[in-house]
1. From Ile153, Ile187, Ile195, Ile174, grab the single residue that is at pLDDT 95 or above and open to solvent by 10 Å² or more (accessible area, probe 1.4 Å).
2. Which residues, taken from region 328-351, are part of a helix (DSSP H, G or I), surrounded by 14 or more Cβ atoms within 10 Å (Cβ to Cβ) and of a type in the set (D, E, K, R)?
3. Within region 172-191, can you find the residues that are in contact with a strand residue (DSSP E or B) (Cβ under 8 Å, 6 or more places away or on another chain) and either outside any helix (DSSP H, G or I) or among the small types (Gly, Ala, Ser) (or both)?
4. Take Glu285 and tell me if it is closer than 28 Å to Val229 by Cα and open to solvent by 30 Å² or more (accessible area, probe 1.4 Å).
5. Can you name the residue in region 199-222 that is in contact with a strand residue (DSSP E or B) (Cβ under 7 Å, 6 or more places away or on another chain) and within 15 Å of the ligand (Cβ to nearest atom) and, of all such residues, is nearest to Thr242 (Cα to Cα)?
6. Taking the condition within 13 Å of the ligand (Cβ to nearest atom) and more than 16 Å from Asn194 (Cα to Cα), does Ile234 pass?
7. Could you say which residue among Asn142, Asn160 is of a type in the set (S, T, N, Q), crowded, with 18+ Cβ neighbours inside 10 Å and away from the ligand (no atom under 12 Å from the Cβ)?
8. Just to check your reading of the model, which residue among Ile233, Ile275 is touching a Pro at 6+ places or on another chain (Cβ under 6 Å) and surrounded by fewer than 24 Cβ atoms within 10 Å (Cβ to Cβ)?
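The values are calculated or read from the model by the stated rules, or taken from the named source; none is laboratory data. Being a predicted model, the structure only gives us computed values, none of them experimental. Reconstructed Cβ throughout: ideal geometry from the backbone, glycine too, with neighbour counts over all protein chains shown. When the accessible area is computed, the model is the full protein with side chains, heavy atoms only, and any ligands, DNA or RNA have been set aside. Shrake-Rupley method; radii C 1.70, N 1.55, O 1.52, S 1.80 Å.
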Amino acid sequence: MDNGWQGIIEAYKEFLPVSAQTPIVSLKEGNTPLIEAKNLSQAIGGNLQIWLKYEGLNPTGSFKDRGMTMAISKALEEGSKAVMCASTGNTSASAACYAAKAKMDCVVLIPEGAIALGKLAQTLMHGAKVLAVQGNFDDALNLVREITAKYPITLVNSLNPYRLEGQKTGAFEICDVLGGSPDYHAIPVGNAGNITAYWKGYKEYKQAGKINTLPRMIGFQAAGAAPIVEGKIIENPQTIATAIKIGNPASWKQAEAARDESGGLIDKVTDDEIIEAYKMLASLEGVFVEPASAASVAGVIKLNKQGYFTRLPITDYRLPTIVCILTGHGLKDPDRAIKVATQPTIVPAKLKKVVAAIGY
Ligand code: AN7
């Protein structure tokens with residue numbers, strides 16, 4: 001049955017640079033669930049109302065599809081035959097998917113050996129030409145910038161402004177569901193496109209009179225890959241959250257602007273804090289995300305321990321609302337899940353043994 005949802009371009013075209021002539025390439029992305037996390041809120045003190053925006057339920061399992069439906073539709077409209085990106089995995093999966101749908105060629109540069117298995121599988125299956133660069137993501141992005149400047153290939157990293165236009169629709173959906181803006185918007189920061197896009201979305205919704213207030217933007221980098229927090233390029237970023245293993249974010253300045261204009265902050269969380277939040281989301285809320293996505297929740301837990309959320313005046317009798325963006329699905333990185341979870345107990349195929357193993 002068709003529930004009527006036709007994807008983010010159709011839903012929000014009045015806010016997007018599209019016309020009746022734009023050939024829309026869509027897999028009905030967006031309209032992802034906003035889930036109230038009562039168990040998690042309770043577990044960390046009960047002083048917050050936490051909502052989870054489960055972007056892992058987009059067609060390729062990450063938020064990148066919001067931007068890619070726009071980038072690929074516009075590339076097609078402009079007559080482009082090929083697209084290219086550098087990626088820590090999710091952008092490549094999404095680009096390969098939407099390029100396939102649009103019958104365009106797709107070239108992807110990934111850091112060799114550094115992207116999660118599910119993302120590699122997707123990118124290969126959708127038929128992209130995949131080049132594993134002997135370097136990190138930042139090296140790969142530099143190469144893509146040079147090549148797309150010289151050859152007739154459209155860049156579909158978030159430097160492509162249509163990507164951010166598409167991604168800002170996440171903010172619209174949140175406000176539509178909550179009936180206004182949340183007090184805080186928590187989000188992982190890698191190349192810093194998404195925090196930039198969400199802030200743009202909130203501001204445009206306020207401008208249009210759809211909401212009255214704006215959230216404080218609170219972004220989180222992995223401690224070993226925290227250039228914005230440290231105030232310097234990280235030459236050799238390190239973190240188990242491979243999606244955000246980025247040392248020189250393309251939208252660095254815009255992320256700082258989102259932080260400063262909103263009165264928010266950009267902080268870092270350790271891999272241990274990320275893993276802790278990753279497990280809590282799965283076991284307390286039934287929401288399986290990839291490690292990078294858990295950085296938003298890890299950050300909220302860290303700040304709450306420091307009393308951050310009580311420092312700000314709350315004008316009415318309600319708990320502060322926080323939306324955490326859960327950017328990618330847990331199945332993207334099965335290796336990490338297997339590494340951190342309790343392993344199965346091996347039992348003989350005998351009733352007594354199985355019952356004993358259950359604990360009866
Ligand atoms: C799950 O795919 O950069 O700060 O090349 O996959 O907008 O970069 C992925 C980034 C957060 C960070 N969570 O978002 C890529 C890539 C997940 C991600 C981020 C990414 P940005």
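1. Working: Ile187 fails: open to solvent by 10 Å² or more (accessible area, probe 1.4 Å); Ile195 fails: open to solvent by 10 Å² or more (accessible area, probe 1.4 Å); Ile174 fails: open to solvent by 10 Å² or more (accessible area, probe 1.4 Å).
The unique qualifying residue is Ile153.
2. Passing the criteria: Lys332, Arg336.
3. Here is the first cut: in region 172-191, the ones in contact with a strand residue (DSSP E or B) (Cβ under 8 Å, 6 or more places away or on another chain) are 173-174, 177-178, 182-190.
Answer for region 172-191, where residues must be in contact with a strand residue (DSSP E or B) (Cβ under 8 Å, 6 or more places away or on another chain) and either outside any helix (DSSP H, G or I) or among the small types (Gly, Ala, Ser) (or both): Pro182, Asp183, Tyr184, His185, Ala186, Ile187, Pro188, Val189, Gly190.
4. Numbers: closer than 28 Å to Val229 by Cα: no; open to solvent by 30 Å² or more (accessible area, probe 1.4 Å): yes.
Spelling it out, it is not the case that Glu285 is closer than 28 Å to Val229 by Cα and open to solvent by 30 Å² or more (accessible area, probe 1.4 Å).
5. First, the residues of region 199-222 that are in contact with a strand residue (DSSP E or B) (Cβ under 7 Å, 6 or more places away or on another chain): 199, 215-222.
Still in the list and also within 15 Å of the ligand (Cβ to nearest atom): 199, 217-222.
On the way: Trp199: 24, Met217: 23, Ile218: 20, Gly219: 17, Phe220: 14, Gln221: 11, Ala222: 10 Å.
The extreme case among them is Ala222.
6. Numbers: within 13 Å of the ligand (Cβ to nearest atom): no; more than 16 Å from Asn194 (Cα to Cα): yes.
It is false that Ile234 is within 13 Å of the ligand (Cβ to nearest atom) and more than 16 Å from Asn194 (Cα to Cα).
7. Numbers: Asn142 fails: crowded, with 18+ Cβ neighbours inside 10 Å.
Just one listed residue meets the conditions, Asn160.
8. On the way: Ile275 fails: touching a Pro at 6+ places or on another chain (Cβ under 6 Å).
None of the others qualify; the one that does is Ile233.
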